[in-house]
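**Student:** Here's a structure for you.
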Amino acid sequence: MSIPEWMTKQNDYSPRKDRNGFLTKTILSLATLFNVFAMKKDESVTTARTVCRTILVLGLVILSALSRNILFCGTITVALLLTLCFSRIEVIKAVLKTSLASSFLAVLIMLPSLFIYGTNSVFVIPLKVFLSVGILSLYSAATPWNKITGALQILHFPSFIIFIMELTIHYIFILGNIARDMMVALKLRSVGKNSSKTESLSGILGTLFLKSISMAQETQQAMECRLFDGTYTRQREGIRFSDLLPVAVLMSFIFLYILFE
């Protein structure tokens, strides 16, 4: 038997170039999100317990939102920047990047009011946005998620809300990893020009939807087997000296708020 003619010809197939910018940007965005989740929490900023830090954070955010004095907001800004000086460099970069981006967006939104009404809102509101986002970002970077939910339970937040927050955080990470792996596989298997990217991405979304339903059912069955009734238990601890520092700082800012306002 002779070799077929098509086997003796040289294969000079060269696939047409295609644009995979959307897939690449999506994969990089998911990787950046997971780096935030996987970033080691820097609890060396303070030794105070999480519940005291939570009270301080909520108090400062409320005071900065209620204040109409730019000097008071500037005082909180100085305190925030001084606290950042004792953090790791990656924490400083993450907090400043998020805060500056949010405040810049607020400046763009409030810029027309400077020319129309001539008010100082274009300076005050972006500063408040910078403070709120910066304080919450630093709190998130310095506090593990399980301690945040534990602090909310001590502050008598409803257990149903805490339960939803925990499941949301966990499944964002799990389903995000699955979506990233599927997008990487799609990109590696795409040869030549793919004119049906929408169908491929819709298939990924459909698979994630079915996977989320399956995982929800498995979670429900596991909770029923472990007799979980929606309540959270915590270990009672005594008050330490370091726990008084956030309370003292909050009381000082309340005094300054009354003084400036």
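The values are calculated or read from the model by the stated rules, or taken from the named source; none is laboratory data. Computed from a predicted structure; not experimentally measured. For neighbour counting, all protein chains shown are included, and Cβ atoms are generated from backbone atoms with ideal geometry for every residue, glycine included. These area figures cover heavy atoms from the full protein model, side chains too; ligands, DNA and RNA do not enter into them. Shrake-Rupley method; radii C 1.70, N 1.55, O 1.52, S 1.80 Å.
**Student:** Can we say residue 68 is modelled with pLDDT under 65, open to solvent by 80 Å² or more (accessible area, probe 1.4 Å) and over 21 Å from residue 246 (Cα atoms)?
**Tutor:** no
**Student:** Taking region 98-132, which residues are at pLDDT 85 or above and of a type outside the set (A, V, I, L, M, F, W, C)? Let's see the steps before the verdict.
**Tutor:** As a first pass, look at region 98-132 and keep what is at pLDDT 85 or above: 98-109, 125-132.
Of everything in region 98-132, those that are at pLDDT 85 or above and of a type outside the set (A, V, I, L, M, F, W, C) turn out to be 98, 99, 102, 103, 126, 128, 132.
**Student:** Still on this structure, I have one more. Yes or no: residue 103 within 23 Å of residue 62 (Cα to Cα), within 14 Å of the chain's Cα centre (by Cα) and without any contact (Cβ under 8 Å) to a residue 40 or more places away in the chain?
**Tutor:** Numbers: within 23 Å of residue 62 (Cα to Cα): yes; within 14 Å of the chain's Cα centre (by Cα): no; without any contact (Cβ under 8 Å) to a residue 40 or more places away in the chain: yes.
So residue 103 does not fit the description; no.
**Student:** Assuming residue 152 fulfils every condition listed in (1) modelled with pLDDT of 80 or more; (2) surrounded by 14 or more Cβ atoms within 10 Å (Cβ to Cβ); (3) farther than 18 Å from residue 73 by Cβ apart from one, which condition is it?
**Tutor:** Among (1) modelled with pLDDT of 80 or more; (2) surrounded by 14 or more Cβ atoms within 10 Å (Cβ to Cβ); (3) farther than 18 Å from residue 73 by Cβ, the lone unmet condition for residue 152 is (1).
**Student:** Search region 85-104 for residues being in contact with a helix residue (DSSP H, G or I) (Cβ under 6 Å, 6 or more places away or on another chain) and farther than 10 Å from residue 141 by Cβ, and hand back the single one that is surrounded by the most Cβ atoms within 10 Å (Cβ to Cβ).
**Tutor:** 99
**Student:** Just checking, which of 211, 128, 147, 187 is of a type in the set (Lys, Arg), touching a residue at least 24 places away in the same chain (Cβ under 8 Å) and under 30 Å from residue 69 (Cα atoms)?
**Tutor:** Working: 211 fails: under 30 Å from residue 69 (Cα atoms); 147 fails: under 30 Å from residue 69 (Cα atoms); 187 fails: under 30 Å from residue 69 (Cα atoms).
Matching residue, one of 211, 128, 147, 187: 128.
**Student:** Right, something else. Could you say whether any residue in region 49-58 is outside any helix (DSSP H, G or I), at pLDDT below 80 and crowded, with 18+ Cβ neighbours inside 10 Å? Steps first, answer last, please.
**Tutor:** First pass over region 49-58, keeping only residues outside any helix (DSSP H, G or I): 49.
Still in the list and also at pLDDT below 80: 49.
Right, trim to crowded, with 18+ Cβ neighbours inside 10 Å and you get 49.
Looking through region 49-58, at least one residue is outside any helix (DSSP H, G or I), at pLDDT below 80 and crowded, with 18+ Cβ neighbours inside 10 Å.
**Student:** Working only within region 106-124, note down all residues that are open to solvent by less than 60 Å² (accessible area, probe 1.4 Å) and either touching a residue at least 12 places away in the same chain (Cβ under 8 Å) or closer than 17 Å to residue 139 by Cα (or both).
**Tutor:** Scanning region 106-124 gives 106, 107, 110, 122, 124.
**Student:** Turning to a different aspect of this structure: Select the helices (runs of 4 or more DSSP H) contained entirely in region 59-157, then report the ones holding at least 1 residues which are out of contact with any strand residue (DSSP E or B) (no Cβ under 6 Å at 6 or more places or on another chain) and under 18 Å from residue 253 (Cβ atoms).
**Tutor:** Ranges flagged: 70-84, 121-142.
**Student:** While we're here: Only one residue in 154, 162, 213 is of a type in the set (A, V, I, L, M) and within 30 Å of residue 85 (Cα to Cα), so which one is that?
**Tutor:** 154
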